[in-house]
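Colleague: Take a look at this one; I'll ask things after.
The values are calculated or read from the model by the stated rules, or taken from the named source; none is laboratory data. Everything numeric here is computed off the predicted structure, so don't read it as measured data. Please note: Cβ atoms are built from the backbone with ideal geometry, for glycine as well, and neighbour counts cover all protein chains shown. Just the protein is used for accessible areas: all its heavy atoms, side chains included, with ligands, DNA and RNA removed. Shrake-Rupley method; radii C 1.70, N 1.55, O 1.52, S 1.80 Å.
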Amino acid sequence: MSLKIMMRELKEMKDGIGNISKRGGESKLWRSRTRSHVVPDQPQECAEQSPWSNLPPELLLDIIHRVEESETAWPARAAVVFCAAVCRSWREITKEIVKTPEQCGRLTFPISLKQPGPRESPIQCYIRRDRATSTYLLFYGLVPSEGEGDKLLLAARKVRRATCTDFVISLAADDFARASYTYVGKQRSNFLGTKFTVYDSQPPCDSMIPLTTHRRFHSKQVSPRLPACNYSIGSITYELNVLRTRGPRRMHCVLHSIPVSAIQEGGTAPTPLALPQFFDEQLSPLPSSKGKQPLMDTSSLSPAVTPLFSPGSGEPLTLKNKAPRWHEQLQCWCLNFKGRVTVASVKNFQLVAAVEPEHNVSPEDQEKVILQFGKIGKDIFTMDYQYPLSAFQAFAICLSSFDTKPACE
């Protein structure tokens with residue numbers, strides 16, 4: 001059987017599974033165009049009884065190796081996704097073969113969105129803003145195209161509060177509940193819109209300790225699949241432009257979850273290997289009183305501002321916006337976006353590492369653009385990121401540009 005015929009049959013089987021789930025009223029993760037294109041963590045159970053699940057391991061390993069090597073770009077890359085969604089045995093072998101984004105430059109599993117990007121060339125994405133629904137959708141690809149729902153990576157919804165603004169980030173564009181398995185984190189601004197804190201639903205490394213406040217919920221108020229904590233992993237600060245002088249915004253990003261040693265020669269960035277475990281595996285109920293429901297300390301759902309680290313976790317990496325040059329003929333500030341930004345906007349920026357001589361970072365790495373963001377049309381923006389940032393971290397940083405107050409411009 002040729003590889004093309006086999007992949008066509010796999011796709012037909014996947015579509016059939018989706019129809020079965022739809023008739024049964026179960027999850028429509030694969031059928032919905034509002035869901036991320038990356039592989040869901042739970043394979044369809046009905047595929048476990050399929051003849052495909054009984055292939056010899058040696059043959060299965062060879063098949064998935066061939067698919068991984070031949071399908072390197074989207075939409076053809078979807079063949080790898082189909083392999084991982086067949087059944088549990090196919091998924092486990094696919095996870096062994098498929099490398100992290102840092103190693104191969106490709107996104108396949110949900111955890112890929114929280115792993116560092118490639119070192120040599122950026123992963124290119126774009127963001128579409130919907131003003132009517134206050135949602136922001138991150139898509140994988142160079143520019144908007146037909147069928148963009150198949151390339152959805154992350155989605156965010158803007159929620160205004162009395163003293164701050166939240167961007168709730170999810171794997172699905174139609175589910176922003178924190179009790180959902182699609183919830184991956186959030187970003188929160190202060191009242192002035194000058195400082196933003198990024199929260200992750202899971203710790204990026206073992207040294208991070210969640211902070212708690214005094215809020216508690218009854219056990220029935222929390223989904224058993226809700227991540228136990230939110231973790232503060234970074235902050236973005238914009239300088240106030242009191243005199244309203246001309247020029248780009250000035251911003252600094254402190255990434256508490258990434259040590260500055262990650263960009264030094266031979267350094268590595270924290271790379272999570274799995275999404276959070278179930279909520280009930282991480283928390284134990286507190287003693288009940290007066291016959292009431294036992295309480296769980298889920299106070300980290302409303303986290304504090306600054307994370308805690310164990311000794312030796314290292315100095316955090318700081319990013320700053322790359323200084324533009326003044327163009328005399330155009331009479332404006334200019335940056336080289338290499339054709340990825342076409343509309344002048346105060347929101348456009350490029351971030352590079354802010355390091356000191358004692359950090360021993362090469363001049364080339366100091367000038368390397370780690371994240372760039374810019375406008376290409378009405379409510380459409382490009383986002384290109386690379387190591388040591390993940391797609392989730394880059395998206396959270398870019399969201400701050402949509403909520404910055406005029407006092408920073």
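Residue-wise test of (1) in contact (Cβ under 8 Å) with a residue 24 or more places away in the chain; (2) farther than 25 Å from Leu389 by Cβ; (3) surrounded by fewer than 19 Cβ atoms within 10 Å (Cβ to Cβ).
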residue	(1), (2), (3)
Val86	yes, yes, no
Phe109	yes, no, no
Lys114	yes, no, no
Gln124	yes, no, yes
Val159	yes, no, yes
Ser170	no, no, no
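Colleague: Further, regarding this structure: Considering the stretch 339-358 alone, what residues qualify as being surrounded by 10 or more Cβ atoms within 10 Å (Cβ to Cβ), of a type outside the set (A, V, I, L, M, F, W, C), out of contact with any Gly (no Cβ under 8 Å at 6 or more places or on another chain) and in a loop (DSSP other than H, G, I, E, B)?
Modeller: Across the stretch 339-358, the qualifying residue is only Glu356.
Colleague: Another question, if that's okay. Scan the stretch 77-103 residue by residue and report those that are outside any helix (DSSP H, G or I) and touching a helix residue (DSSP H, G or I) at 6+ places or on another chain (Cβ under 8 Å).
Modeller: Those that are outside any helix (DSSP H, G or I) and touching a helix residue (DSSP H, G or I) at 6+ places or on another chain (Cβ under 8 Å): Ala85, Val86, Cys87, Val98, Thr100.
Colleague: Same structure again: Hey, among the residues in the stretch 260-285 that are at pLDDT below 90 and aliphatic (A, V, I, L, M), which one's farthest from the chain's Cα centre (by Cα)?
Modeller: Per the criteria, the residue is Leu283.
Colleague: Does Thr212 meet the test of being modelled with pLDDT of 90 or more, open to solvent by 20 Å² or more (accessible area, probe 1.4 Å) and of a type outside the set (A, V, I, L, M, F, W, C)?
Modeller: Against the criterion (modelled with pLDDT of 90 or more, open to solvent by 20 Å² or more (accessible area, probe 1.4 Å) and of a type outside the set (A, V, I, L, M, F, W, C)), Thr212 does not qualify.
Colleague: Kindly list, by first and then second residue, each pair from a residue in the stretch 372-390 that is in contact (Cβ under 8 Å) with a residue 60 or more places away in the chain to a residue that is outside any loop (DSSP other than H, G, I, E, B) and among the charged types (D, E, K, R), limited to pairs with Cβ atoms under 6 Å and residues at least 6 apart or on different chains.
Modeller: Gln372/Asp384; Asp379/Arg129; Ile380/Arg128; Phe381/Lys375; Tyr387/Glu102; Ser390/Lys114
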